[in-house]
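Chemist: Quick one: this structure, given as structure tokens, is what I'll be asking you about.
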Amino acid sequence: RRLFAVTGHGEIMFPHRSEPGAPISDGTWLNALYGMGYRNKTTVHGVRALGSTTANEAHVTVPGVPVPVKMWESRWIDRQLDHVDHTVSGVYNRAEYMEPRRALMNWWGEKVQHARALAKALPPPTQQPKRGPAPAWSVVD
């Protein structure tokens, strides 16, 4: 119901503009990245991979436990990314894991905001001098 305040009673958070009930296209996500200055720097798949890898590698220290403990179960991360588990247990498990997924997304949002604040604190990048033409024997332009 809270989603309806954003979507106008639709069931999709990011609906397609001209196709009711359909999500926005992959191209829309890519254009959003381009608009943020990430053309030729990353892809939508790259952003998803970064989020998945970061969450899967996140650990916490628990007193009395000799090794770090994973913060997020892989099945929560995969469900958030809408991955489908085709194993027998995956076919029968229809759990949504909404509470841990909310916590995961809040955690990820905090990580992104922290990275953004750090980036704003850095001095602006300097222009790299343009390289001359590569030697004829070079395989790199």
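The values are calculated or read from the model by the stated rules, or taken from the named source; none is laboratory data. The shown structure was predicted, so the numbers you read here are calculated from the model rather than taken from an experiment. Neighbour counts are summed over all protein chains in view; Cβ atoms, including those assigned to glycine, are modelled from backbone coordinates with ideal geometry. For accessibility, only protein heavy atoms count, side chains too; no ligands or nucleic acids. Shrake-Rupley method; radii C 1.70, N 1.55, O 1.52, S 1.80 Å.
Every residue, every condition in (1) at pLDDT below 90; (2) touching a Ser or Thr at 6+ places or on another chain (Cβ under 9 Å), yes or no:
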{"position": "Gly35", "(1), (2)": "no, no"}
{"position": "His45", "(1), (2)": "no, no"}
{"position": "Gly51", "(1), (2)": "no, no"}
{"position": "Val69", "(1), (2)": "no, yes"}
{"position": "Trp72", "(1), (2)": "no, no"}
{"position": "Ile77", "(1), (2)": "no, yes"}
{"position": "Arg101", "(1), (2)": "no, no"}
{"position": "Met105", "(1), (2)": "no, no"}
{"position": "Gln128", "(1), (2)": "yes, no"}
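Chemist: Test Gly21 against the stated conditions and say whether it is small (Gly, Ala, Ser), within 26 Å of Lys111 (Cα to Cα) and open to solvent by 50 Å² or more (accessible area, probe 1.4 Å).
Modeler: Spelling it out, it is not the case that Gly21 is small (Gly, Ala, Ser), within 26 Å of Lys111 (Cα to Cα) and open to solvent by 50 Å² or more (accessible area, probe 1.4 Å).
Chemist: Moving on to the next point. Does Pro63 qualify as being in contact with a His (Cβ under 6 Å, 6 or more places away or on another chain) and modelled with pLDDT of 95 or more?
Modeler: No.
Chemist: Further question: If a residue must be surrounded by 12 or more Cβ atoms within 10 Å (Cβ to Cβ) and closer than 16 Å to Ala49 by Cα, how many such residues does segment 82-106 contain?
Modeler: 3
Chemist: Hey, can you tell me all the residues within segment 58-78 that are exposed (fewer than 11 other Cβ atoms within 10 Å of the Cβ) and not small (Gly, Ala, Ser)?
Modeler: Val60, Thr61, Val62, Pro63, Val65, Pro66, Val67, Val69
Chemist: Given the criteria open to solvent by 60 Å² or more (accessible area, probe 1.4 Å) and closer than 26 Å to Ile12 by Cβ, does Gly51 qualify?
Modeler: no
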